1. Taking the conditions exactly as written (at pLDDT 65 or above, of a type in the set (S, T, N, Q) and either in the same structural domain as residue 41 (by TED's automatic domain parsing) or in contact with a helix residue (DSSP H, G or I) (Cβ under 9 Å, 6 or more places away or on another chain) (or both)), does residue 138 satisfy them or not?
2. Quick check: is even one residue across the range 7-30 closer than 23 Å to residue 167 by Cβ and not in a helix (DSSP H, G or I)?
3. Looking at the range 43-61, which of its residues are on the phi > 0 side of the Ramachandran plot and at pLDDT below 85?
Amino acid sequence: MTPEEIYEAVKAGGDVGWKMVWENVIVPEVNSLRSAELARRYCITDGDLMGMLYEDMIGNRKIEQFRNDGGNLWGWMRQYVRGYVTRANPNPHDEFSLEGTAEQNEHGEPMAIPVDDHGVVRNEVWDMTYRCFKDLWNDDPRKAYVLFLKTRMHLSSAEVAEMFDLTEGNVDQIFSRSVKQMRENWVKHETNTFDFKRNEYA
């Protein structure tokens, strides 16, 4: 196929074009030195990356931004895949605490607490974290256990995997999802006004 025919096949969103995307973009990038370790660490599968790329290229029509004038289509698409991997870091500051999993938003920025007294802030952060963790436990105790063991007991993924008869990859995936859910729980509780002294929502 000519480059123009390849481009049109990919743009059409069908099996023929996207089989070539899988072979020439996803597989090489996932196995590259740049992305392989990060994808494993952040628990991103090749299927995840394929879905994200398809959504961007076809769903959001970004394929139309490619200048089909002899440029390297595969290299251009690999830049997108590489970006998905590098932006998937659930821990941009390379450190985790139980409180920290909840009190930072998805961009690593601190959630707002409407008080100025630092002692009050610490108490309210802990109270909010407790409520987020309770929600996590009620939803899925295993997620809560994994989060607690890694952030409070400082166990490695291998140690947690042995306890639960899981693979290290499974543990990392559960941990990543538990962190995400803690942050979502924080946002949910933050949108409600909670009276910490009376231990109830206003």
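The values are calculated or read from the model by the stated rules, or taken from the named source; none is laboratory data. All values derive from a computational prediction rather than experimental measurement. Every residue, glycine among them, receives a Cβ derived from its backbone with ideal geometry; neighbour counts consider all protein chains shown.
1. Numbers: at pLDDT 65 or above: yes; of a type in the set (S, T, N, Q): yes; either in the same structural domain as residue 41 (by TED's automatic domain parsing) or in contact with a helix residue (DSSP H, G or I) (Cβ under 9 Å, 6 or more places away or on another chain) (or both): yes.
So residue 138 fits the description; yes.
2. The answer is no; no qualifying residue exists.
3. If we filter the range 43-61 for residues that are on the phi > 0 side of the Ramachandran plot, which is where we start, we get 43, 61.
Selection gives 43 alone.
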